[in-house]
Amino acid sequence: MSTRRIFLRNSALAMVGVGTAPLWLKRALYAADGPLQRQKILVAIFQRGAADGLNVVVPHGEKAYYNLRPTIAIPRPTVDADKRQDAAIDPDAAIDLDGFFGLHPSLAPLKPLFDRQQLAIVDAVGSPDPTRSHFDAQDYMESGTPGLKATGDGWMNRALPKAQGKVSPVRAVSLGPVLPRAMRGAQPAIALQSIDGFQVRNAEAARQFQQMYTDARDPVLRATGRETFEAVGMLQSIQKQAYKPAAGAEYPRGRFGDSLRQIAQLIKSDVGVEMAFADIGGWDHHVNELGASASQGPLANLLREYGQALAAFWQDMGDRMQDVVVVTMSEFGRTAQENGNRGTDHGHANSMFVMGGGVKGGKVYGQWPGLEKEQLYEGRDLALTTDFRDVLGELVARHIGMPSVKGVFPGYDPKFLGLV
Amino acid sequence: MRNRVVLALCLAMFLGESAFASKKNAEQGRQFFKQIPKDQRIPQALNRLTFGPRPGDARQVKAIGLKKWIDLQLHPERIPENPLLDAKLKTLDTLNMSGSEMVRKGMVRKLVARDLAEGKLLRAIYSNRQLDQVLDDFWFNHFNIFLDKGADRFMVTEYERGVIRPRVLGKFRDLLEATAKSPAMLFYLDNWQSVGPNAPQPRGRKGSRGLNENYGRELLELHTLGVDGGYTQQDVTEAARCFTGWTIDQPQSGGTFVFNKRVHDDGDKVFLGVKIPAGGGESDGEKVLDIVARHPSTAHFISRKLAMRFVADNPPSSLVDRMAQTFLNTDGDLREVMLTMLKSKEFWSEGAYRSKMKSPLEMVASAVRALNGDVDSAFSLVNQVAQLGQPLYRKQEPTGYSNASQEWVNAGGLLARMNFALHLAGNHVPGVKVDAAKAAKPDDPTAGIGLGSPEFQKH
């Protein structure tokens, strides 16, 4: 049996390599180790630019929040969580979650997920490193080693389970023009902007290119070339099909919606995705964060796109959400007090979302540190009570099933919150 | 106890890693002292100081003499510009307009962005002053502005033309001040709205206006000292206080720099340990610029960034130190810093030669140059550069684009480069005609395959 399986795998892989294997064979191949146990998948979302967590997950039960933000606070919810059925939600006020926290009104599409306990929120979470540099903080969060600049690879790459024999060339995939820091490392990982564009237009040219990259003197280009052509072979079969999201899910227009739609397509095509990554920029709101009301202005617009895309992904994935966890992060939070221009400057702790069928959602996790002057980090920012590696570490251990996360977050021992 | 175990673990990892790293570094280090053969010197110069060699360029450099050619490139005003380029740039109407003229004539953002990006590609492809174009791209990226941020759409053209371009081989202090006082930067990093505690408050609006530390932080982190350059949050805040009142007159129609005394925070400040007494007005900000422009961290940070672009991703510290020394000795004379680099052994070493991955702009421009392309419209090329991951003038973050090779090596990016190579050589890029003889047999679908090869992605 096992010999036969190995034979099947080897010969089929030869075909996968040149892109002639039929889809069913690829599926059988990568499912060969356990057709009943489907692969667990982790999708990481990075909000680049430092999202203002206090206006995303609004501590409306905290009086100091309203004192610190006279012009850009999100108004208190008009309906509390228990009575949500019988009254309309005020489009300009926070949407109550638990009597203390509420969602920004633009995130209304995510409220049903919270209610169905498929969305958990972690608050006052982030990186313990004190930097307020976007670049360094993103780098630390993606490398998974705050404060250490020498780390060469990313936490997602290290979190890929050790390959048992040959694995899917698209097991780690990022949507966008560059491979993010989180995915760089020894294990193959690919970046793509669009599934359809992921090919060489001419077959003969493709063959010659493949040969050139196989023979490349530069080891990085040689390895990336090999990964590329293996992935091309894998994706060929799904390029021809027009993708239609399930259950009438509507992704918002724009790069982020496109990214999540294609991640859904890849997962549902069973091509062997285990880790996926997408990012959304534009969160650096130093000026006029809010418009005339909470549901207007740059933050509201961005959150609308963000929330709609996540909700569409959830709807589109349907039952497959049982295998998937989506986790979101941003490099740091923003000042608790608004600055001089109805915006916020670089701060410290933030919030994270964890969404999935197996998530113990409907709850805001983490310890609330308060917003009184003496409770603030360095007298100005939301203090940190949960390390982001506690969240990611738990997902890597309990969702992906990695026996030890020591290698993923070296030098740190994550404390699980019980999210999954 | 547990903390101690973790600490020991960290230490062990650190030592293990550094032992490995130092061995690897030593090997890389040796590569920077091995000189390239003589016949590779001209290719090395053309690869690094231009947007890629055109057919015949090497011969021409040989005829002039490499040393003289480099000297000329460092003095672009002595090189007659290509008349073909001037003619092509003339068709891009907004390139010579001021911001207020754009507003008056009702120009739209799309057109301004298109002219800028097409202009950059045309210059990269056609200019005889190649190093000047490379440096313009380098310094614009260093002092990056995002064209799509509000009023910046009418400011970026003047910014590149009037602030960056004339100063890329001048004194760093001048370049820095020109950016600090440009409406484009004041708007992009929000300083124009940052005011001191005694600023008059607008009536009829709730809340108050005050300090904004965006520019103060990026000035230190990205423009001068570097993130590890030795400053604190307090220094960021103090710098921001010094720049209050540096604002824009008429920001919605191009704008001009103006110092508004009424909103300046005129109290005492201490920046990087230097006391800036109360009552300094506009000169507070200038003092901050004086301090950072002459700071050893800045000398080092700028030198390293230049060496990363022109020499190698991990330039040897011996070289960076010498460049930084020149920077400090010459009051930040950027031409002298370049000269120190170009005279160094490291620049002409095996460690540097063909070690860098081309950025998307470098790849696209060098491909057109390699095939002696005739560009009627650069619009499609602009889109290509964007598709490869580098939309010109549209990097939202103040970091600008990374110049590290690894940033540009990934599956999707390589495939896009291969497809571009085939399109270009097959004469399928609208607006561009390439020399068919260079592109192998006509109708050969694999023509241009060399431009998609691993070798061509590096320079």
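The values are calculated or read from the model by the stated rules, or taken from the named source; none is laboratory data. As the structure is a prediction and not an experimental result, all values here were calculated from the model. Note: ideal-geometry Cβ built from the backbone for every residue, glycine included; neighbour counts use all protein chains shown.
Criterion first (surrounded by fewer than 18 Cβ atoms within 10 Å (Cβ to Cβ) and under 24 Å from residue A:337 (Cα atoms)) does residue B:166 satisfy it? It is false that residue B:166 is surrounded by fewer than 18 Cβ atoms within 10 Å (Cβ to Cβ) and under 24 Å from residue A:337 (Cα atoms). Restricting B:146, B:138 to those that are part of a loop (DSSP other than H, G, I, E, B) and either more than 18 Å from the chain's Cα centre (by Cα) or aromatic (Phe, Trp, Tyr) (or both) reduces the list to B:146. Within region A:60-80, the set of residues being within 13 Å of chain B (Cβ to nearest Cβ), under 19 Å from residue A:103 (Cβ atoms) and of a type in the set (Ser, Thr, Tyr) comprises A:66 only.
Determine, yes or no, whether residue B:363 is touching a residue at least 12 places away in the same chain (Cβ under 8 Å), closer than 19 Å to residue B:455 by Cα and part of a helix (DSSP H, G or I). Considered against the rule, which asks whether it is touching a residue at least 12 places away in the same chain (Cβ under 8 Å), closer than 19 Å to residue B:455 by Cα and part of a helix (DSSP H, G or I), residue B:363 comes out as yes.
Could you grab me the full set of residues in region B:56-80 that are farther than 23 Å from residue B:169 by Cβ and under 27 Å from the mean Cα position of the chain (by Cα)? The one that is farther than 23 Å from residue B:169 by Cβ and under 27 Å from the mean Cα position of the chain (by Cα): B:58.
Within the set B:249, B:190, B:235, B:152, the sole residue that is without any contact (Cβ under 8 Å) to a residue 40 or more places away in the chain, on the phi > 0 side of the Ramachandran plot and either in contact with a Ser or Thr (Cβ under 6 Å, 6 or more places away or on another chain) or among the acidic types (Asp, Glu) (or both) turns out to be B:190.
Results for (1) crowded, with 21+ Cβ neighbours inside 10 Å; (2) under 21 Å from residue B:383 (Cα atoms); (3) under 22 Å from the mean Cα position of the chain (by Cα), shown as yes or no for each residue.
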site: B:82; (1), (2), (3): no, no, no
site: B:108; (1), (2), (3): no, yes, no
site: B:121; (1), (2), (3): yes, yes, yes
site: B:128; (1), (2), (3): no, no, yes
site: B:161; (1), (2), (3): no, no, yes
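Scanning region A:238-263 for residues that are closer than 14 Å to residue A:279 by Cβ and outside any loop (DSSP other than H, G, I, E, B) returns A:255, A:256, A:257, A:258, A:259, A:260, A:262, A:263.
Residue-wise test of (1) part of a loop (DSSP other than H, G, I, E, B); (2) buried (at least 22 other Cβ atoms within 10 Å of the Cβ); (3) more than 14 Å from chain A (Cβ to nearest Cβ).
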{"residue": "B:354", "(1), (2), (3)": "yes, no, no"}
{"residue": "B:369", "(1), (2), (3)": "no, no, yes"}
{"residue": "B:372", "(1), (2), (3)": "yes, no, yes"}
{"residue": "B:385", "(1), (2), (3)": "no, yes, no"}
{"residue": "B:394", "(1), (2), (3)": "yes, no, no"}
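Kindly evaluate residue B:175 against the criterion of being in a helix (DSSP H, G or I), within 26 Å of residue B:115 (Cα to Cα) and touching a Lys or Arg at 6+ places or on another chain (Cβ under 8 Å). When the stated conditions are applied, residue B:175 passes them.
Within region A:206-263, track down each residue that is hydroxyl-bearing (Ser, Thr, Tyr) and facing chain B (nearest Cβ under 9 Å).
A:213, A:224, A:228
Screening region B:396-408 for residues that are more than 24 Å from residue B:110 (Cα to Cα) and surrounded by fewer than 24 Cβ atoms within 10 Å (Cβ to Cβ) and picking the one that is farthest from the other protein chains (Cβ to nearest Cβ) gives B:403.
Could you list, in sequence order, the residues of region B:212-255 that are β-branched (Val, Ile, Thr) and either within 11 Å of another protein chain (Cβ to nearest Cβ) or within 20 Å of the chain's Cα centre (by Cα) (or both)? Result: B:224, B:227, B:232, B:236, B:237, B:244. Residue A:292 meets all of the listed conditions (1) touching a residue at least 12 places away in the same chain (Cβ under 8 Å); (2) within 12 Å of chain B (Cβ to nearest Cβ) but one, namely (1). In the set (1) farther than 25 Å from residue A:147 by Cβ; (2) in a helix (DSSP H, G or I), the condition left unmet by residue B:200 is number (2).
A quick yes/no check of all residues on (1) outside any loop (DSSP other than H, G, I, E, B); (2) crowded, with 21+ Cβ neighbours inside 10 Å; (3) over 21 Å from the mean Cα position of the chain (by Cα):
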residue	(1), (2), (3)
A:92	no, no, yes
A:98	no, no, yes
A:107	yes, yes, no
A:110	yes, yes, no
A:117	no, no, no
A:123	yes, yes, no
A:132	no, yes, yes
A:135	yes, no, no
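Residue count for region A:172-205, restricted to those that are within 8 Å of another protein chain (Cβ to nearest Cβ) and in a helix (DSSP H, G or I): 2. Any chance region A:393-415 includes a residue that's free of Cβ contacts under 8 Å to residues at least 40 places away in the same chain and touching a His at 6+ places or on another chain (Cβ under 6 Å)? No, because not a single residue in region A:393-415 is free of Cβ contacts under 8 Å to residues at least 40 places away in the same chain and touching a His at 6+ places or on another chain (Cβ under 6 Å). Restricting the search to region A:111-150, which residues are of a type in the set (Ser, Thr, Tyr), at the interface with chain B (Cβ under 10 Å from one of its Cβ atoms) and in contact with a Leu (Cβ under 9 Å, 6 or more places away or on another chain)? A:133 - this is the single residue of region A:111-150 that is of a type in the set (Ser, Thr, Tyr), at the interface with chain B (Cβ under 10 Å from one of its Cβ atoms) and in contact with a Leu (Cβ under 9 Å, 6 or more places away or on another chain).
Pairs linking a residue in region A:140-152 that is at pLDDT 95 or above to a residue that is crowded, with 17+ Cβ neighbours inside 10 Å and β-branched (Val, Ile, Thr), with Cβ atoms under 8 Å and 6 or more positions apart or on different chains, are A:140/A:131; A:143/A:151; A:144/A:151; A:144/A:408; A:145/A:151. Of the residues making up region A:153-171, those that are within 21 Å of the chain's Cα centre (by Cα) and either more than 21 Å from residue A:325 (Cβ to Cβ) or without any contact (Cβ under 8 Å) to a residue 24 or more places away in the chain (or both) number 2. In region A:337-376, the residue that is farthest from the other protein chains (Cβ to nearest Cβ) out of those that are crowded, with 21+ Cβ neighbours inside 10 Å and among the hydrophobic types (A, V, I, L, M, F, W, C) is A:359. Restricting B:415, B:381 to residues that are crowded, with 22+ Cβ neighbours inside 10 Å, away from every other protein chain (no Cβ under 13 Å) and modelled with pLDDT of 95 or more narrows the list to B:381. Would you confirm, using the coordinates I've provided, whether residue B:209 is more than 14 Å from every other protein chain (Cβ to nearest Cβ), more than 25 Å from residue B:98 (Cβ to Cβ) and modelled with pLDDT under 95? When the stated conditions are applied, residue B:209 does not pass them.
Residue under question is residue B:427, and the condition is that it be more than 10 Å from chain A (Cβ to nearest Cβ) and part of a loop (DSSP other than H, G, I, E, B); does it hold? Write out each step before concluding.
Details: more than 10 Å from chain A (Cβ to nearest Cβ): yes; part of a loop (DSSP other than H, G, I, E, B): yes.
So residue B:427 fits the description; yes.
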